[in-house]
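Accompanying notes for the structure given below.
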Amino acid sequence: MYDVIVVGSGITGGWAAKEFCEKGFKTLVIERGRHIDHRGAEYTDMQAPWQIENRNKVPELFDEEGRYAMIERKGYFKNATKQFFIDDKEHPISYPKESPFKWIRGYQLGGRSLTWGRQSLRWGVKDFQANAKDGNGVPWPIGYEDLAPWYDYVESFIGVSANKDGLDTLPDGVFQKPWEMSCAEKFISENLKEAYSDRRLIIGRSANLTEPTKEQIELGRGQCQARAYCNRGCTFGGYFSSLSATLPAAERTGNLTVVTDSIVESVNYDDKLGKATGVTVIDAHTKQKRQYRAKVIFLCASALGTVQILLNSKSKSFPNGIANSSEAVGHYIMDHFSGVLANGEVPGFDDKFSIGRRPIATYIPNYRHEQKDGVDFVRGFGFQGTAQNRSNTGTAARRVGIGATVKDESNQAGPWRFRAIMYGEMLPNYDNHARLHPTDKDQWGIPILHIDARIRDNERKMIKQAAKDIKEILTVGGCVDIQVNEFPESKPIFVGDRVHEMGGACMGEDPKNSVLNKWAQTHDVKNLFVTDGACMSSCATQNPSLTYMAITARAADYATKLISQGLL
Amino acid sequence: MSNINISRRVFIGASMYLVATPIWASVFNSANALAVFTESGQFFTADELTILTDIAEIMIPRTNQPGATDAHVINVLDGLMLSWAGVETKFRYKSIIKQVEQIALASFKSDYKSVSQSDRESLITELDKRAFADRTSELSISYRKLKEMIFHIFYTSEEANPNFMLVPGTYKGDISKELLDLYNARGRVS
């Protein structure tokens, strides 16, 4: 019998484990994937390009066998990183043909905290007010002020390099020294600041250490070395992951137990007690079932993983899944979406160069919280972009030309170019949902998820506006030769492609239309909490992990108080 | 060096795996610097390695900087055929070698290994032009795929990346050429 079971060891599972262990609670972390060691054999960050197996190309066999189909064309899916992603052929999902969905996963200790983008952005006041304001989704039961101290707390521990930009829409926090902007980025940033009152280009806020604290050093973490090999694992512990930070912090308390290769099939519920009693797991290899018991359960299995567990946890009291009296479990599935890519040359810096590989991009925060300029949509969008290096003439690998002259002209410094990608806020829509497939099961006998989440009219309107806006922004920023690529309206956009899937067990005041209360505690089962992306009631435009972590730390603090008072 | 043009008929003939009518207007050059392999690799035969190595060096020759042979491109490729290449790629790479041989034979009445260096360079140069002018033929697809991999292996080699820093230390985005050269010489951004 444990005090707490934490399902999942990723970015939120690690935080839950750290918080409970540090407060003296015997905590069991259950990870469905394999065990891996920080700085272990699976890290490939110390390999030069010529040392990486297959020169960093994934085996073509994958393509031939239809494996890794969801990510095979992604720039981050390489031979040096492939071990941190699962093969969707082995772990299938279902979706309607007309609304494809990507669920990009990593089943290993540390989960996707090993491969996350590290952009650590607070939500602002308006982001938490959006649902109540425009009537989409379930109103948030918390506001920025509730999370602000927890943002401070989380940022202090993980280490966020950022500039204090003084923006209401993107509150400042506890920051380490920011990464430097390139000369081209500074140029655009200054031009935008001069021309606009609402649009800024700022340096990204990155969970990469630039000024490690004593606490971080004691955990074995060191300063980021500007290699940008983060998703290969980091031997220096320069970026935050469960493996480099939260799990070691939990482990040193002596209160942590970790089991891997253990797939949580369901949360067990005692109808008489009215409590969750533990979980049933299936051994990933032997497929044998076993159970663990605890006073409190924290589901941190990733948004859709948690939805799957909730829906599969059926009992007399909850025939449609535990904590689902509202019938809201699985609904309001969201992701950020793109649809606009743009780039423009930044003239005037032909005598300037860069060196090193900065691990973060620059960012244009959402400036469209209000429906200004006569736009016909609600919510807004921002842009992530970069001109950290000069462009490069490249090689003739894919174009005509061979020989000495072609070789000499290859890989020469070209002009600075700023590239930007839109990040839009997808509305929380009840119809965007995930449910258990009625017949199809995975290799462990668990029903697979059927996910039907669509980019709808509001999002399509945003794409059109974003294409107009970025052209103007780049022009005002001083760019020339601007190219804007708008995704065709006729083509479906994969929800999940941004790997920010969230929702499915939303927070809200009303138990009739939401799954969780303001503490991320299920309305129906007091000792069951959900603090991963499933808890989100809206998705804003900011990368969500920092907010997940803050919600987790806050919920764990609340739960420890309840446990101490004997209320759970 | 011969001033030759590969004809459309030869191109199409080779791409169909047929022995095409030789129509090269060529002059054989007996000084054909060619590295001839005597042992087979893991995947390619000695003859295939000879031709591939020559093709790679023609594509990326040694200048005042290392070339494909210096970077052991074909040796690496031979290994990758077992660990990376799929069934189609294995077929295509074997196929393009045979097709190059057939074009040489049709054009010069001589096997590829006996053709002069300048004619081999002309042949591969022409093949490159043709492959990118019409991307639909099997010959074009196989050639372009081979070229892409040869370039990939070369440009990820140590020889092609003398300034690569595994651990730069930090990032700077507004430096002069002189400072860039200094940091590169130090092998670290500091």
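Just checking, does the stretch B:83-94 include any residue being under 25 Å from residue A:59 (Cβ atoms), polar (S, T, N, Q) and within 11 Å of another protein chain (Cβ to nearest Cβ)? Before the answer, list the steps.
From the stretch B:83-94, those under 25 Å from residue A:59 (Cβ atoms) are B:83-94; that's our starting set.
Checking the rest, the ones that are also polar (S, T, N, Q) come to B:83, B:89.
Add one more test, that the residue is within 11 Å of another protein chain (Cβ to nearest Cβ), and what stays is B:83, B:89.
Yes, the stretch B:83-94 has at least one match.
Test residue A:160 against the stated conditions and say whether it is under 17 Å from the mean Cα position of the chain (by Cα), among the aliphatic types (A, V, I, L, M), at pLDDT 95 or above and crowded, with 24+ Cβ neighbours inside 10 Å.
Values: under 17 Å from the mean Cα position of the chain (by Cα): yes; among the aliphatic types (A, V, I, L, M): yes; at pLDDT 95 or above: yes; crowded, with 24+ Cβ neighbours inside 10 Å: yes.
The answer is yes for residue A:160.
Tell me the strands (runs of 3 or more DSSP E) entirely within the stretch A:337-428 that contain at least 3 residues that are aromatic (Phe, Trp, Tyr).
A:413-424
Does residue B:47 satisfy the criteria of being acidic (Asp, Glu) and either surrounded by fewer than 22 Cβ atoms within 10 Å (Cβ to Cβ) or touching a strand residue (DSSP E or B) at 6+ places or on another chain (Cβ under 8 Å) (or both)? Break it down into steps so the answer makes sense when it comes.
On the way: acidic (Asp, Glu): yes; either surrounded by fewer than 22 Cβ atoms within 10 Å (Cβ to Cβ) or touching a strand residue (DSSP E or B) at 6+ places or on another chain (Cβ under 8 Å) (or both): yes.
Yes; evaluated as a whole, the condition is true for this residue.
Scan B:39, B:57 and give me the residue that is at pLDDT below 95 and among the charged types (D, E, K, R). Step through it out loud before you land on a result.
Values: B:57 fails: at pLDDT below 95.
None of the others qualify; the one that does is B:39.
I'm checking my understanding of the structure. Among residues of the stretch A:444-487 that are among the aliphatic types (A, V, I, L, M) and part of a helix (DSSP H, G or I), which one is surrounded by the most Cβ atoms within 10 Å (Cβ to Cβ)? Write out each step before concluding.
Within the stretch A:444-487, the first condition is being among the aliphatic types (A, V, I, L, M), and the residues that meet it are A:446, A:448-449, A:451, A:453, A:455, A:462-463, A:466-467, A:470, A:473-474, A:476, A:480, A:482, A:484.
Now narrow it down to the ones that are part of a helix (DSSP H, G or I): A:462-463, A:466-467, A:470, A:473-474, A:476.
Details: A:462: 29, A:463: 22, A:466: 27, A:467: 18, A:470: 26, A:473: 27, A:474: 27, A:476: 15.
Result: A:462.
Out of everything in the stretch A:135-174 that is among the hydroxyl-bearing types (Ser, Thr, Tyr), more than 14 Å from chain B (Cβ to nearest Cβ) and not in a loop (DSSP other than H, G, I, E, B), what residue ends up being farthest from residue A:553 (Cα to Cα)? So that I can check it myself, show each step before the final result.
To start, the set of residues in the stretch A:135-174 that are among the hydroxyl-bearing types (Ser, Thr, Tyr) comprises A:144, A:151, A:153, A:156, A:161, A:169.
After this cut, where a residue has to be more than 14 Å from chain B (Cβ to nearest Cβ) as well, the list is A:144, A:151, A:153, A:156, A:169.
Adding the requirement that they be not in a loop (DSSP other than H, G, I, E, B) leaves A:144, A:151, A:153, A:156.
Working: A:144: 15, A:151: 9, A:153: 8, A:156: 12 Å.
Ranking the candidates gives A:144 first.
Filter the stretch A:338-356 for residues that are of a type in the set (Asp, Glu), within 30 Å of residue A:468 (Cα to Cα) and either within 14 Å of another protein chain (Cβ to nearest Cβ) or out of contact with any Lys or Arg (no Cβ under 7 Å at 6 or more places or on another chain) (or both) and give the result.
A:350
For the stretch A:322-332, indicate whether the set of residues that are over 25 Å from residue A:558 (Cβ atoms), modelled with pLDDT of 95 or more, out of contact with any His (no Cβ under 6 Å at 6 or more places or on another chain) and outside the structural domain of residue A:482 (by TED's automatic domain parsing) is non-empty.
Yes.
Against the definition (at pLDDT 95 or above, under 30 Å from residue A:80 (Cα atoms) and surrounded by fewer than 16 Cβ atoms within 10 Å (Cβ to Cβ)), how does residue B:87 come out, yes or no? Give the steps one after another, and end with the answer.
On the way: at pLDDT 95 or above: yes; under 30 Å from residue A:80 (Cα atoms): yes; surrounded by fewer than 16 Cβ atoms within 10 Å (Cβ to Cβ): yes.
For residue B:87, the condition - at pLDDT 95 or above, under 30 Å from residue A:80 (Cα atoms) and surrounded by fewer than 16 Cβ atoms within 10 Å (Cβ to Cβ) - is met.
Across the stretch A:509-536, which residue is nearest to the chain's Cα centre (by Cα) among those that are farther than 24 Å from residue A:278 by Cβ and surrounded by fewer than 24 Cβ atoms within 10 Å (Cβ to Cβ)?
So the first thing to find is which residues in the stretch A:509-536 are farther than 24 Å from residue A:278 by Cβ, and the list is A:509-510, A:512-514, A:518, A:536.
After this cut, where a residue has to be surrounded by fewer than 24 Cβ atoms within 10 Å (Cβ to Cβ) as well, the list is A:509-510, A:512-513, A:518.
Working: A:509: 25, A:510: 27, A:512: 28, A:513: 25, A:518: 21 Å.
Among them, the one singled out is A:518.
Tell me, please, whether a residue that is among the hydroxyl-bearing types (Ser, Thr, Tyr), in contact with a helix residue (DSSP H, G or I) (Cβ under 8 Å, 6 or more places away or on another chain) and assigned by TED's automatic domain parsing to the domain that holds residue A:64 can be found in the stretch A:94-114. I'd like the intermediate steps shown before the answer.
First pass over the stretch A:94-114, keeping only residues among the hydroxyl-bearing types (Ser, Thr, Tyr): A:94-95, A:99, A:107, A:113.
Narrowing further to those that are in contact with a helix residue (DSSP H, G or I) (Cβ under 8 Å, 6 or more places away or on another chain): A:113.
Checking the rest, the ones that are also assigned by TED's automatic domain parsing to the domain that holds residue A:64 come to A:113.
Checked against the condition, which is being among the hydroxyl-bearing types (Ser, Thr, Tyr), in contact with a helix residue (DSSP H, G or I) (Cβ under 8 Å, 6 or more places away or on another chain) and assigned by TED's automatic domain parsing to the domain that holds residue A:64, the stretch A:94-114 yields at least one hit.
Mind checking whether some residue in the stretch B:104-115 is surrounded by 17 or more Cβ atoms within 10 Å (Cβ to Cβ), within 11 Å of chain A (Cβ to nearest Cβ) and touching a residue at least 40 places away in the same chain (Cβ under 8 Å)?
The answer is no, given that none of the residues of the stretch B:104-115 is surrounded by 17 or more Cβ atoms within 10 Å (Cβ to Cβ), within 11 Å of chain A (Cβ to nearest Cβ) and touching a residue at least 40 places away in the same chain (Cβ under 8 Å).
Give me the pairs, please: first residue somewhere in the stretch B:54-70 and facing chain A (nearest Cβ under 9 Å), second residue anywhere and aliphatic (A, V, I, L, M) and part of a loop (DSSP other than H, G, I, E, B), beta-carbon distance under 6 Å, and either six or more positions apart or on two chains.
Sorted first by the residue in the stretch B:54-70, then by its partner, the pairs are B:59/A:402; B:60/B:68; B:67/B:60.
Given the stretch A:175-286, what strands (runs of 3 or more DSSP E) lie entirely inside it while holding 2 or more residues that are buried (at least 24 other Cβ atoms within 10 Å of the Cβ)? Please lay out each step first, then the result.
Details: elements: A:256-259, A:262-270, A:275-283.
The qualifying strands (runs of 3 or more DSSP E) are A:262-270, A:275-283.
If you check A:379, A:390, which single one turns out to be more than 8 Å from chain B (Cβ to nearest Cβ), under 30 Å from residue A:134 (Cβ atoms) and crowded, with 21+ Cβ neighbours inside 10 Å?
Values: A:390 fails: under 30 Å from residue A:134 (Cβ atoms).
After applying the criteria, what remains is A:379.
Per-residue answers, yes or no, for (1) closer than 17 Å to residue A:532 by Cβ; (2) without any contact (Cβ under 8 Å) to a residue 40 or more places away in the chain; (3) assigned to a helix (DSSP H, G or I):
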| site | (1), (2), (3) |
| --- | --- |
| A:4 | yes, no, no |
| A:9 | yes, no, no |
| A:19 | yes, no, yes |
| A:25 | no, no, no |
| A:36 | no, no, no |
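The values are calculated or read from the model by the stated rules, or taken from the named source; none is laboratory data. As the structure is a prediction and not an experimental result, all values here were calculated from the model. Methodologically, a virtual Cβ is constructed for each residue, glycine included, from the backbone with ideal geometry; neighbour enumeration extends over all protein chains shown.
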